[in-house]
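Engineer: Before we start, here is the structure in question, set down as structure tokens.
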Amino acid sequence: MNSVPRQRLVVIGNGMAGMRTVEELLARAPVRYDITVFGAEPHPNYNRIMLSSVLAGEKQIDDIIINPRAWYTQNAITLHAGDAVIGIDAKTKTVTAASGLRVAYDKLLLATGSKPLMPPLPGLDLPGIVTFRDIADIDKMLAAAEAKQRAVVIGGGLLGLEAAWGLKRRGMPVALVHLMPTLMERQLDTEAGTLLQRDLDERGLHFFTSGQTERIIGSERAEGVALADGRTVPGDLVVVAIGIRPNVDMGKAADVDINRGILVGDDMATSDPDIYAVGECVEHNGQVFGLVAPIWEQAKVCAARLAGDTVASYVTPALSTRLKITGIDVFSAGKLAAEDDGDEEVVFRDAAKGVYRKLVVRGNRLVGAVLYGDVADGGWYFDLIKGNKDVAEMRDRLIFGQGFADQDCCGGSKAGLNVAAMTDDTQVCGCNGVSKGAIVKAIGEKGLTTLDEVRAHTKASASCGMCTPTVQAILSFVTGSDAAAPEVMCKCTDHGHDHVRHAILDQRLKTMADLREALGWKTADGCAKCRPALNYYLLCAWPGEYVDDYRSRFINERVHANIQKDGTYSVIPRMWGGVTTPAELRAIADVADKFNIPTVKVTGGQRIDLLGVKKQDLPAVWGDLNQAGLVSGHGYAKGLRTVKTCVGSEWCRFGTQDSTALGIKLEKMMWGSWTPHKVKLAVSGCPRNCAEATIKDIGIICVEAGYDMVIGGNGGIEVRVTDPLTRLTTEAEVLEYSAAFMQLYREEGHYLERTAPYLERVGLAHIKARILEDDAGRKALYARFLFAQSFAQDDPWAERAGGGVDAHEFQSLAVVS
Amino acid sequence: MTNWIDIGTIADIPRLGARTVETALGQVAVFRTAEDEVFALINKCPHKNGPLSEGIVMGRKVACPLHNWVIDLNSGHADAPDEGCTTPLALKDEGGRLLLGLDAVAAVAHG
Ligand SMILES: Cc1cc2nc3c(=O)[nH]c(=O)nc-3n(C[C@H](O)[C@H](O)[C@H](O)COP(=O)(O)OP(=O)(O)OC[C@H]3O[C@@H](n4cnc5c(N)ncnc54)[C@H](O)[C@@H]3O)c2cc1C
């Protein structure tokens, strides 16, 4: 046993740098010190980087704790959380805390981070002004968001943008004031900064660039900011995020040398050899710090020195930046632009995809990279920059990324991540200094199968998250698992249809706003692709509860008619089972005359189409048709269209059952239902199949012994003949089985997926299992369908003909000359 | 000098929706975003003259109902890769009253 008495180490600052140093120290010299930690914040050590994600609602405070209190206990560390040190006596080697507690040290570590920079503005002490640095700040911002106030963020750098985005995600209208003409001008070139602003603008942030804040408006509390050029930006919450400056208070207290930060040498010691300093409070070689990657290096060196090593020395590594806004991918490292004639810029743009890349090449070396939109190659470029590697060989392919550049011939491989081509010492996680080799080794040795496990064991991608796709790719590569992601719904999200539908049910999401917030939608309002889909999914999941959002429906479903290429509409009344009467035909003829409807056409679905109706005439046309008992045929809907029938046993000499009456019963049960895409049925009275039931979504073919039910047919672009499902014996069964299949498709189909591709996707066996083999399940589907229908069967024309519903749709706002 | 014409109130337009105004310049679509900003455009998609007032409004954009071109409400420009532009008109919200600036339009439209 080692009989040397333990030395006393006191750490001031329970933040990222301080505790990383302690972790490194425990790994090297577990019993060398009795460790006491003072932290001004009342929390255990947490991942400050992830405060942005907490603000945006993507993570909880519990998720970002790095070392819980148990860790301190296990390692015999005395933690005084919520007790700031207020004095240091370097002669007697003691520190004094605010509580009055005094503790003696042999070695002292200063890790007090930095303070938000505050501009010299009048009004900064008003309530409503916050900074973005710690959990207490987050609490203030969330309280403001609760109260649904407006926010103004001052500062368009990393921190300001992440604050703005987080507040926006919490439902606040957010304006961002930035001094410079483009955002993040220190990390991005003008083009990437402009793209960034465009994308964030699309997501609903409002920008005031080239905006010099002159003062805070308000007397009792903040009411906004006034800019030097006269613009004013209203807001009850003002977030100041213009930068940071090292917190040197403890350096002053200890009377060590200070410049901008607490001065340290390559050994991380201050001018007092028993006092060390790490993190954002230090200045090394004229440089101060604001990212964790160099701080991890400092922690390593400092821990080595504290453990007795005499050679470890700190060198600032190359740095890269990433913005943590879900769905916005930005990367930069090294030079942002050519600095002289010897430098060359290589630029690649794909405006449609929103991708931009710029590389700065000096001689045969890569010295800078700015990536926007697709940052998968960021790590690889960063490696080339850090390694000062000769890129002459792949110079002409470099801009296309690793997938192309590493090939002998450029046609050989698809662009993107090439895990196989990465060397073992390629650094994957810049924040935590984890190489590809270390990840591969951990996956193999520990049998890791999930990203979270890899994070827990290696710390790779556990900080800023930029390397997550790479770590995921390595995991898939090593474990051979299929990483093919499901097709995403649209540009507004990274989720696929199934994920969204499950989340709606599992998380009981009942409004579009909740859904977009819970699933991290990237756009404020969604787009023309996802809005109608989400509206349908919510309607299907919560019948009777969800209020149909007409603003998220295509025009046809909003005005219950089909828009034509000249902006007029077509109107198709329902003819149940294709059967009509002289009175109905007369009403149609009268309407066509009265409203000068140019074309009257018999449709393929056995009804009559009135084409060329002016929008403003629609309510009156419907009113007249309603008078004769005609209702909407939903010829415009992603819903039940027609049930085509033949005359069946009533008239036909071959007919085996009353197909017309059965068709009408099906149509009366199903009309008005909303479905992922349009649905057409047919009932044929005998196997001659005059109603063409074998190319319908649901077909019924009557036979002597009963009814053959067939599903998944399509007569459109890609003709598909139905698959036989089963033979049924009574009409009641036909109704039950048809409704059950309809409901299954409603619950599982992707929006705009007809039954034919739906069936091919899920497989006939799945449908048989649900409808034929599970009697209780089928009956439940049937019941759910009928329940949903109880809210769906209101004639939309009747609601609108009287000028009640959506009257504004059909009238001009004004006529002016 | 712009001649500002009162065309109604912001409440007359549904959020994320549009109304039309008949003018000497043709039909004008006036839009209201989720955040109550208002914009006015000549109601013709640069692609095939589709009525933009019938499209789905998202952010400061509208998707044309005919072929889904996405048009910027502020500039009237189509989103890449599509190319084209419809004429934007001056519209201001004064305490809830909407004022359409037709002279300003004419200047843009003619020149
Ligand atoms: C919102 C946000 C997002 C960020 N995102 C990124 C990112 O994506 N990538 C990246 O690399 N970096 C990021 N950073 C920066 C990163 O968090 C810091 O570089 C890092 O936390 C610095 O570590 P530190 O230990 O020096 O300071 P801190 O983590 O701030 O720790 C210092 C601690 O010391 C305490 N303290 C101060 N004075 C005293 C005293 N007298 N007595 C006791 N305790 C005291 C403080 O309360 C604090 O808890 C982000 C920072 C913020 C705020």
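Engineer: Expressed as a whole percent, how much of the Cα-Cα distance distribution for the range A:129-242 exceeds 22 Å?
Structural biologist: When every Cα pair of the range A:129-242 is considered, 26 percent fall beyond 22 Å.
Engineer: Also, quick follow-up: Under a point spin-label approximation (7 Å from Cα along Cα-to-Cβ), what is the A:R221-A:A136 distance to one decimal in nm?
Structural biologist: 1.9
Engineer: Continuing with this model, one more query. Quote to one decimal, in nm, the extra length available between A:D274 and A:V31 on full extension: 0.36 nm per residue of separation minus the C-alpha distance between them.
Structural biologist: Contour length minus Cα-Cα distance gives 85.6 nm.
Engineer: Check which residues have an amide H placed less than 5 Å from B:Q27's amide H, if you skip close sequence neighbours.
Structural biologist: For B:Q27, the qualifying residues are B:N43.
Engineer: Count, for each residue of A:518-529, the Cβ atoms from other chains sitting within 10 Å of its Cβ, then give me the mean as a whole number.
Structural biologist: Counting other chains' Cβ atoms within 10 Å and averaging over A:518-529 gives 4.
Engineer: OK, next. Please give the residues of the range B:82-99, grouped as numeric ranges, whose backbone N is less than 17 Å from a label point set 7 Å along the Cα-to-Cβ vector of B:A24.
Structural biologist: Backbone N within reach: B:89-90.
Engineer: Add -39500 (n - 2.57) for each DSSP H run of 4 or more in chain A, then divide by its residues: what number comes out at 222 nm, to the nearest 500 deg cm²/dmol?
Structural biologist: Only helices count here, giving -9000 deg cm²/dmol.
Engineer: Right, next: Expected output is a single nm value to one decimal: the length gained when fully extending between A:E545 and A:T310, i.e. 0.36 nm times separation in residues minus the C-alpha distance. What is it?
Structural biologist: Here the answer is 77.6 nm.
Engineer: Please work out how much length the chain gains when fully extended from A:E692 to A:R395, using 0.36 nm per residue of separation minus the C-alpha to C-alpha distance, in nm with one decimal.
Structural biologist: Fully extending the segment from A:E692 to A:R395 adds 100.8 nm.
Engineer: Then there's this: Quick one: Kirkwood hydrodynamic radius for the range A:555-637, alpha-carbon pairs, angstrom, one decimal?
Structural biologist: 12.5
Engineer: Let me check the size of chain A from its C-alpha atoms; what are the radius of gyration and Dmax in Å?
Structural biologist: That works out to 34.0, 114 Å for Rg and Dmax.
Engineer: In Å, what is the Rg of the alpha-carbon atoms in the range A:640-792, and how long is Dmax?
Structural biologist: Computed over the Cα atoms of the range A:640-792, radius of gyration and Dmax are 14.2, 42 Å.
Engineer: Continuing with this model, one more query. With label points built 7 Å along Cα→Cβ from the Cα atoms of A:A769 and A:I86, find their separation and express it in nm.
Structural biologist: Reported label-point gap for A:A769 and A:I86 is 6.8 nm.
Engineer: For chain A, what does the relative contact order come out to in percent, with C-alpha contacts under 8 Å and a separation of six or more?
Structural biologist: Value for chain A: 7 percent.
Engineer: Please say if the range A:241-399 is rounded, prolate or oblate, where rounded means a/c under 1.5 for a ≥ b ≥ c the square roots of the C-alpha gyration tensor eigenvalues, and otherwise the choice is prolate for a/b larger than b/c and oblate otherwise?
Structural biologist: Prolate.
Engineer: Another question, then. Provide the FRET efficiency to the nearest 0.05 for the B:E94-A:K510 pair, computing r from the beta carbons and using R0 = 41 Å.
Structural biologist: 0.65
Engineer: Restricting to DSSP loop positions (anything but H, G, I, E, B) with no more than 13 other Cβ atoms inside 10 Å of their own Cβ, which GluC sites (Glu not before Pro) remain in the range A:524-592?
Structural biologist: Qualifying residues, ordered by number: A:E545.
Engineer: I've got another one for you. If you add up the charges near B:C85, with Lys and Arg at +1 and Asp and Glu at -1, over every other residue whose beta carbon is less than 13 angstrom from its beta carbon, what do you get?
Structural biologist: Local charge sum for B:C85: -3.
Engineer: Considering every pair of different Cα atoms, what Kirkwood radius, in Å, is found for the range A:743-817?
Structural biologist: 15.9
Engineer: Pairwise over distinct Cα atoms, reciprocal of the mean inverse distance: report the Kirkwood radius of the range A:329-416 in Å, one decimal place.
Structural biologist: 13.0
Engineer: Please work out the FRET efficiency for the pair A:D794 and A:K565, using the Cβ-Cβ distance as r and a Förster radius of 35 Å; give the result to the nearest 0.05.
Structural biologist: 0.70
Engineer: Place a point 7 Å from the Cα of A:D229 along the Cα-to-Cβ direction; which residues of the range A:101-142 have their backbone N under 19 Å from it?
Structural biologist: none
Engineer: Can you give me the angle between helix A:190-202 and the longest principal axis of chain A, using Cα atoms only, in degrees from 0 to 90, rounded to the nearest 10?
Structural biologist: 50
Engineer: Also, I was wondering about something else. How well do other chains shield peptide B:25-37, expressed as the mean number of their Cβ atoms within 10 Å of each residue Cβ?
Structural biologist: For peptide B:25-37, the averaged partner shielding equals 2.
Engineer: Let me ask something else about it. Nearest 10 degrees is fine. How inclined is helix A:530-541 to the longest principal axis of chain A, computing both from alpha carbons?
Structural biologist: 70
Engineer: Here's a follow-up. Determine ³J(HN,Hα), in whole Hz, for all residues of the range A:630-643 in sequence, where each value follows from phi through the Karplus function 6.51 cos²θ - 1.76 cosθ + 1.60 and θ = phi - 60°; x replaces Gly and Pro.
Structural biologist: 8, 10, 4, x, 6, x, 10, 9, 7, x, 5, 8, 10, 10
Engineer: Let me ask something else about it. Spin-label point model (7 Å from Cα, Cβ direction): what's the A:E718 to A:K59 distance in nm?
Structural biologist: 4.2
Engineer: Continuing with this model, one more query. For B:T9, enumerate residues with amide H under 5 Å from its amide H, sequence gap 5+ or separate chain, H modeled in the peptide plane.
Structural biologist: For B:T9, the qualifying residues are B:L98.
Engineer: Another question about this same structure. Once the Cα atoms of helix A:16-28 and of chain A are each reduced to a long axis, what angle between those two axes, in degrees from 0 to 90 to the nearest 10, is obtained?
Structural biologist: The angle comes out at about 70 degrees.
Engineer: Quick one: net charge around A:E760, please, counting Lys, Arg +1 and Asp, Glu -1 for every other residue with C-beta under 14 Å from its C-beta.
Structural biologist: Net of charged neighbours comes to -2.
Engineer: Determine, at each q value in 0.17, 0.20 (inverse angstroms), the log₁₀ of I(q)/I(0) that the Debye formula gives when each Cα of chain B is one equal point scatterer.
Structural biologist: One equal scatterer on each Cα of chain B leads to -0.72, -1.00.
Engineer: Oh, and also: Go ahead and run the numbers for FRET between A:Q7 and A:D425, Cβ-Cβ distance against an R0 of 30 Å, rounding to 0.05.
Structural biologist: 0.25
Engineer: For a label point 7 Å from the Cα of A:R260 along Cα→C-beta, name the residues of the range A:313-328 whose backbone N is under 16 Å from it.
Structural biologist: In the range A:313-328, the label zone of A:R260 (backbone N under 16 Å from the point 7 Å along Cα→Cβ) covers A:316-317, A:319.
Engineer: Sticking with this structure for a sec: So what's Rg/Rh here for the range A:1-125, counting alpha carbon atoms and using the Kirkwood radius for Rh?
Structural biologist: 1.04
Engineer: What lysines could a cross-link reach from A:K601, if we take a straight Cα to Cα line under 29 Å and drop same-chain neighbours fewer than 8 places away?
Structural biologist: The qualifying lysines are A:K565, A:K614, A:K615, A:K638, A:K644, A:K665, A:K668, A:K678, A:K680, A:K696, B:K44, B:K48.
Engineer: Give me the percent of DSSP beta bridges within the range A:667-817 that run antiparallel, rounded to the nearest 5.
Structural biologist: Given both bridge residues lie in the range A:667-817, the antiparallel proportion sits at roughly 75 percent.
Every number in this text was worked out from the coordinates using simple rules, so none of it is lab data. Computed from a predicted structure; not experimentally measured. Because the Cβ atoms are built from the backbone with ideal geometry, glycine has one as well, and the counts that use them run over all protein chains shown.
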